[in-house]
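Inspection log for the structure reproduced underneath, given as structure tokens.
The values are calculated or read from the model by the stated rules, or taken from the named source; none is laboratory data. Here the structure is a predicted model, which means the values were calculated and not measured. With ideal geometry, Cβ positions are generated from the backbone for all residues, glycine too; neighbour counts draw on all protein chains shown. For accessibility, only protein heavy atoms count, side chains too; no ligands or nucleic acids. Shrake-Rupley method; radii C 1.70, N 1.55, O 1.52, S 1.80 Å.
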Amino acid sequence: DNEAIDGVDCRRYRADVDPLEQLLQALERESDPDMKKMRELTVDLWRDMEATQEWEVWIGRKDYLVRQVRFVMSQKAPEQLDNAFGNITIPKGARYTITSTMKLSGFNEPVEINVPTGPFK
């Protein structure tokens, strides 16, 4: 689809992602034994969560700059999540959805970075 983001004509791209399939593919490519073991432990967890992900990206038709990104993830809670989202408790096995939309702007504008002061830990 075509759509305007902040007045810029964009092309919209959408992809459904299977996080379990991506994890299994990464596991096949993994050569570090510690990382391989960590990924193996998460495979069953992801399988139980039945997670789905959807990505949408809006790219400027003329300048090819990414103008907006939306991410939607739906999954079952692997365990009871207390206060994970403010005052909300999600019981184990309940399906919940998280949606995040990011608009990008101010390309090629100067940026000022201030160094933090004070003690660091």
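Using a Gaussian network model on the chain with a 10 Å cutoff between Cα atoms, which of LYS76, LYS103, LYS37 fluctuates the most? Maximum among the listed residues: LYS37.
What FRET efficiency comes out for ASN2 versus ILE98 if R0 is 41 angstrom and r is the Cβ-Cβ distance? Round to the nearest 0.05.
Values: r = 27 Å, r/R0 = 0.66.
Taking R0 as 41 Å, the efficiency between ASN2 and ILE98 is 0.95.
Axis of helix 19-29 versus longest Cα principal axis of the chain: the two differ by about 80°, to the nearest ten degrees. The share of accessible area on the chain that comes from carbon and sulfur is 51 percent, using a 1.4 angstrom probe.
So how strong a dipole does the chain carry about its Cα centre when Lys and Arg Cβ are +1 and Asp and Glu Cβ are -1, to the nearest 20 debye?
The dipole of the chain has a size of about 180 debye.
Using the heavy atoms of the protein chains alone and a 1.4 angstrom probe, what is the accessible area of region 1-61 per residue in square angstrom?
Values: 4290 Å² over 61 residues.
So region 1-61 comes to 70 Å² accessible per residue, rounded to a whole number.
Annotation: average projected area of region 18-66 is 4.9 square nanometres, based on the convex hull of Cα atoms across all directions. Within the chain, the ratio Rg/Rh, alpha carbon atoms throughout and Rh by Kirkwood, equals 1.09.
Calculated mean residue ellipticity at 222 nm for the chain: -7500 deg cm²/dmol, from DSSP H runs with n ≥ 4 weighted as -39500 (n - 2.57), summed, divided by the residue count and rounded to 500.
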